[in-house]
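Participant: Got a structure for you, questions after.
The values are calculated or read from the model by the stated rules, or taken from the named source; none is laboratory data. Quick caveat, the model's predicted, so the values are computed rather than measured. Glycine gets a Cβ as well: all are built from the backbone with ideal geometry, and neighbour counts include every protein chain shown.
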Amino acid sequence: MPDGILTSPGDQLPIQSLLAARGGCIGEVEVADLMGLEDASIVRRWRNYRQIVSVRNEAGQWVCPIWQFAHKHKRVMLGIRDCLAELSFESEWEPLIFFLSRMDSLGGHSPLDSLRAGKIEAAIKAARQYSPRKNN
């Protein structure tokens with residue numbers, strides 16, 4: 001269960017501020033370019049099948065936090081898809097909150113920090129145990 005929960009999904013300002021501090025978001029076309037894909041339809045498919053984190057920006061366009069992509073290897077960061085597969089969520093913001101929230105079970109680190117440190121199994125376990133409903 002997260003300790004440093006960011007906000008409720010309806011309160012996007014603090015989340016967007018945190019996203020900017022973590023590298024910001026890019027659109028689906030930019031993701032396709034970054035990943036060396038032929039077109040953005042692949043990125044849309046990833047979004048539809050919950051294989052990447054994506055949220056709608058203030059203009060209603062789908063954007064993806066850049067922190068989930070391994071630029072050098074042109075792939076989604078190891079563990080992102082595994083964590084998303086374990087999470088049950090109703091709001092598009094819930095996976096974002098999960099990845100950026102500090103958790104006791106991860107030694108006060110976020111799942112994103114754990115993935116960056118190579119602690120993929122720990123992040124997946126945290127995803128299995130995560131329930132945004134417990135945060136209220």
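Participant: Right, Ile15: outside any helix (DSSP H, G or I), of a type in the set (A, V, I, L, M, F, W, C) and either modelled with pLDDT under 95 or closer than 21 Å to Arg116 by Cβ (or both) or not?
Facilitator: no
Participant: How many residues does segment 21-55 contain that are of a type in the set (Ser, Thr, Tyr), surrounded by fewer than 18 Cβ atoms within 10 Å (Cβ to Cβ) and closer than 21 Å to Phe99 by Cα?
Facilitator: The qualifying residues number 1.
Participant: Separate question: For segment 56-78, what are the residues that are assigned to a strand (DSSP E or B), surrounded by fewer than 19 Cβ atoms within 10 Å (Cβ to Cβ) and in contact (Cβ under 8 Å) with a residue 40 or more places away in the chain?
Facilitator: Arg75
Participant: Would you confirm whether or not segment 114-128 contains a residue that is closer than 22 Å to Ala32 by Cβ and among the hydrophobic types (A, V, I, L, M, F, W, C)?
Facilitator: no
Participant: Looking at Glu121, Glu30, can you tell me which residue is acidic (Asp, Glu), modelled with pLDDT of 95 or more and in contact with a strand residue (DSSP E or B) (Cβ under 9 Å, 6 or more places away or on another chain)?
Facilitator: Glu30
Participant: Determine, yes or no, whether Arg81 is outside any helix (DSSP H, G or I) and within 12 Å of the chain's Cα centre (by Cα).
Facilitator: When the stated conditions are applied, Arg81 does not pass them.
Participant: Suppose we filter segment 95-115 for residues that are surrounded by 16 or more Cβ atoms within 10 Å (Cβ to Cβ), of a type outside the set (A, V, I, L, M) and either in a helix (DSSP H, G or I) or free of Cβ contacts under 8 Å to residues at least 40 places away in the same chain (or both); how many remain?
Facilitator: 8
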